[in-house]
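Data first, discussion second: the structure below is written as structure tokens.
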Amino acid sequence: MPSVGKLGTPEEPVFIFDEGAPALYVDLIRELEVDENDIVRISFGAMSKNGDGQIKAMIAVRIRMPKNMAWQFCRDLRGLEE
């Protein structure tokens, strides 16, 4: 299992490992909620069209994260525009 990086501090390092999880393509957000424990729930879907022309969306991934991590994600996304 190869290590691909490290985060954290010298006192408390967090080693990052990559087991080759597949990259999923999504093109819609199906769920975006915060529960009573401040856990943000996000579900993403991937759209496709059946042979008869019917458009459908399949849930591709569900993510659950603490609200403070979701805010950090938003700040990091905003940083991509700068």
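The values are calculated or read from the model by the stated rules, or taken from the named source; none is laboratory data. Fair warning: this is a prediction, and the values are worked out from it, not measured in the lab. Positions of Cβ are backbone-derived with ideal geometry, glycine not excepted, and every protein chain shown enters the neighbour counts. Quick note on the areas: whole protein, heavy atoms, side chains included, nothing else; ligands and nucleic acids left out. Shrake-Rupley method; radii C 1.70, N 1.55, O 1.52, S 1.80 Å.
Every residue, every condition in (1) open to solvent by 70 Å² or more (accessible area, probe 1.4 Å); (2) modelled with pLDDT under 95; (3) part of a strand (DSSP E or B), yes or no:
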position	(1), (2), (3)
SER43	no, no, yes
LYS56	yes, yes, yes
ARG62	yes, no, yes
MET65	no, no, yes
GLU82	yes, yes, no
So, of the residues in the range 14-41 that are exposed (fewer than 10 other Cβ atoms within 10 Å of the Cβ) and part of a strand (DSSP E or B), which turns out to be farthest from the chain's Cα centre (by Cα)? VAL14
Give me the pairs: first residue in the range 16-30 and free of Cβ contacts under 8 Å to residues at least 24 places away in the same chain, second residue assigned to a loop (DSSP other than H, G, I, E, B) and surrounded by fewer than 10 Cβ atoms within 10 Å (Cβ to Cβ), beta-carbon distance under 7 Å, and six or more apart or on different chains, which are they? PHE17/MET1; ASP18/PRO2; GLU19/MET1
